[in-house]
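For reference, the structure discussed in these notes is given below.
The values are calculated or read from the model by the stated rules, or taken from the named source; none is laboratory data. What you see is a predicted model; the values in this text were computed from it and never measured. As a convention, Cβ positions derive from the backbone with ideal geometry for all residues, glycine included, and neighbour counts pool all protein chains shown. Accessible surface is based on the protein model in full, side chains and every heavy atom, while ligands, DNA and RNA are left aside. Shrake-Rupley method; radii C 1.70, N 1.55, O 1.52, S 1.80 Å.
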Amino acid sequence: MPSVRCADCGALIELPEGTRSGDLLECPNCAGHPLRLREEGGHWSATLAHRVSCPACDEVITLPDDVKPGDTIRCCGQTYRLTLEYDAFAAEEA
């Protein structure tokens, strides 16, 4: 069965049957940190998928791979600017 190493803790995680490139998988050892899975040429890899909570409703939003500080997201009819501190994103009113 294919597996990947968690990008945060290094644990070996077996991939569930039917896993596709781009899927998210939570590491069972890292308090639910999401991993974004990639398959290229039969080899699997995992990178951390950043998440942020909406300040208005606390909905957890998974951010795209190419997100960077200063980008904006929308939730609850509001626009929020993303900040990054200690490798964690936060959403603040734009």
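Points worth noting:
- Matching entry among R51, R81, R5 (being among the basic types (K, R) and at pLDDT 95 or above): R81
- Residue selection: S3 fails the criterion of being open to solvent by 50 Å² or more (accessible area, probe 1.4 Å) and of a type in the set (S, T, Y).
- Filter result for the condition that a residue is surrounded by 10 or more Cβ atoms within 10 Å (Cβ to Cβ) and assigned to a strand (DSSP E or B), over A56, A46: A46
- Residues of the range 6-38 classified as in a strand (DSSP E or B) and open to solvent by less than 70 Å² (accessible area, probe 1.4 Å), total: 6
- For the range 59-94, taking the residues that are in a loop (DSSP other than H, G, I, E, B) and touching a Ser or Thr at 6+ places or on another chain (Cβ under 9 Å), the one that is farthest from A46 (Cα to Cα) is identified as A94.
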